[in-house]
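The structure under discussion appears below in the form of structure tokens.
The values are calculated or read from the model by the stated rules, or taken from the named source; none is laboratory data. Everything numeric here is computed off the predicted structure, so don't read it as measured data. Using ideal geometry, Cβ is built from the backbone for each residue, glycine included, and neighbour counts are taken over all protein chains shown. Accessible surface areas use protein heavy atoms only, side chains included; no ligands, DNA or RNA. Shrake-Rupley method; radii C 1.70, N 1.55, O 1.52, S 1.80 Å.
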Amino acid sequence: MKIGFACDHAAVDLKNTLLEYLKGKGYECVDYGVNDPTKRVDYPIMGRKVAEAIKAGEVDKGVLVCGTGVGISLAANKVPGIRAALCTDCFCAEATRLHNDANILCMGGRV
Ligand code: RB5
């Protein structure tokens with residue numbers, strides 16, 4: 001499975017930690033940025049990147065993180081066919097795959 005990752009400036013560390021973790025588990029990971037926490041970037045731009053990549057078939061699933069995970073999930077969900085779920089625990093993460101067919105997991109780097 002190929003997984004696309006993106007974040008805004010508020011969650012660079014979390015994005016990279018998750019990407020490295022899943023890479024270590026054998027998943028093919030694509031980094032859509034950003035990687036500089038000192039340069040502000042609007043989270044809707046980053047949310048859309050991974051959402052559009054899933055739509056285009058570049059990646060199968062996505063992981064999006066911003067400060068809270070709220071903004072970037074709202075942005076990704078504006079793309080038709082995208083079901084981005086903001087999860088704060090393992091139960092919700094598993095349940096949203098099983099019950100909602102979520103294709104993007106969102107989390108907050110400041111949470
Ligand atoms: C950026 O400062 C912050 O607003 C953003 O990361 C996110 O939390 C929005 O939902």
Notebook entry, point to check: What list of ³J(HN,Hα) couplings, whole Hz, do you get for the range 21-33 from phi and the Karplus terms 6.51, -1.76, 1.60, once you set θ to phi - 60° and write x for glycine and proline?
Noted result: 4, 6, 4, x, 8, x, 7, 7, 10, 10, 9, 8, x
Note to self: At 1.4 Å probe radius, can you tell me the per residue accessible area of the range 1-109 in Å²?
What the structure shows: 54
Next item on the list: Tell me which residues come under 5 Å, amide H to amide H, from VAL59 once H is placed; ignore anything under 5 positions away on its chain.
Entry: ILE54
Check: What's the carbon and sulfur percent of the chain's accessible surface, probe 1.4 angstrom, rounded to a whole number?
Finding: 54
Note to self: Please compute, over every Cα-Cα pair in the chain, the percentage with a separation greater than 23 angstrom.
What the structure shows: 16
Item checked: Integer Hz, Karplus 6.51/-1.76/1.60 couplings in order for the range 91-103, x for Gly and Pro -> 4, 5, 4, 5, 5, 6, 6, 6, 9, 10, 6, 4, 10
Notebook entry, point to check: Which three lengths, in whole Å and largest first, does the range 1-45 cover when its Cα atoms are put on their principal axes?
Noted result: 31, 17, 10
Notebook entry, point to check: So between THR17 and ASP36, what do we pick up on full extension, going 0.36 nm a residue minus the alpha carbon distance?
Noted result: 5.4 nm
Notebook entry, point to check: Amide H to amide H, which residues 5 or more places from CYS29 or on other chains are under 5 Å from it, using H placed in the peptide plane?
Noted result: ILE3
Item checked: In the range 25-76, trypsin sites (Lys or Arg not before Pro) in a DSSP loop with at most 12 other beta-carbon atoms within 10 Å -> LYS25, LYS39, ARG40
Check: Which are the unpartnered cysteines of the chain, meaning those with no other cysteine Cβ under 4.7 Å from their Cβ?
Finding: CYS7, CYS29, CYS66, CYS90, CYS106
